[in-house]
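Taken together, the values in this text are just the output of simple stated rules run on the coordinates, not laboratory data. Treat the numbers as computed from the prediction; the structure is a model and nothing was measured. In this analysis, Cβ positions are derived from the backbone assuming ideal geometry, glycine residues included, and neighbour counts consider all displayed protein chains.
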Amino acid sequence: MQSGLQSSPSPWLPAIACAGALALLLSAPSSLAQSDEAGHQAFNNSCRTCHSMKEGDNRLGPNLNKIVGRKAGALPNYNYSPSMKDADLVWDQDKLTRFMVKPDDVVSGHKMQPYGGISAEEAGKVFAYLKAASGSQ
């Protein structure tokens, strides 16, 4: 049997909930900024010598602007290897990450030589940077 008295929630509950939500919102940009910075640094360390993020700026390797979702070997004005041109794949997180770690396992006969690959952890950071820098969702 229920009592006729109902306990009301603490008047502090909404204030505590708001404070918690505010703390989460304020900490998110900081962790995102750190993540972006780590990805940018990983890109600079591993990719920048041959690749650019600037559209149309092809170097020894093609520019990587908007690479996420792009068909392999399809960027105009870059001289891809025949195997990359013929690769029937679209760059997504799995394929790009695996390509950065062990390129021959994804597209045999690519022109990214000599290239030793990077760790899966660094490849994940680079992928996050490529995706964010290209404005990909």
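May I ask for the net charge around residue 106, where only other residues with Cβ less than 15 Å from the Cβ of residue 106 are counted and Lys, Arg are +1 while Asp, Glu are -1? Write out the running numbers ahead of the final one.
Working: positive: 70, 71, 85, 95, 98, 102, 111; negative: 86, 88, 92, 94, 104, 105.
Local charge sum for residue 106: +1.
Measuring between alpha carbons in the structure, the pairs from 85/131; 54/102; 111/131; 85/111; 66/95 lying more than 20 angstrom apart are 85/131; 54/102; 111/131.
I'd like the FRET efficiency for residue 36 and residue 81, computed as 1/(1 + (r/R0)^6) with the beta carbon distance as r and R0 of 25 Å, rounded to 0.05. Mind dumping the intermediate values first?
Working: r = 31 Å, r/R0 = 1.25.
Calculated transfer efficiency: 0.20.
Which residues among the range 116-130 fall inside the zone where the amide N is under 18 Å from a point 7 Å beyond the Cα of residue 52, along Cα→Cβ? Residues passing the 18 Å test: 130.
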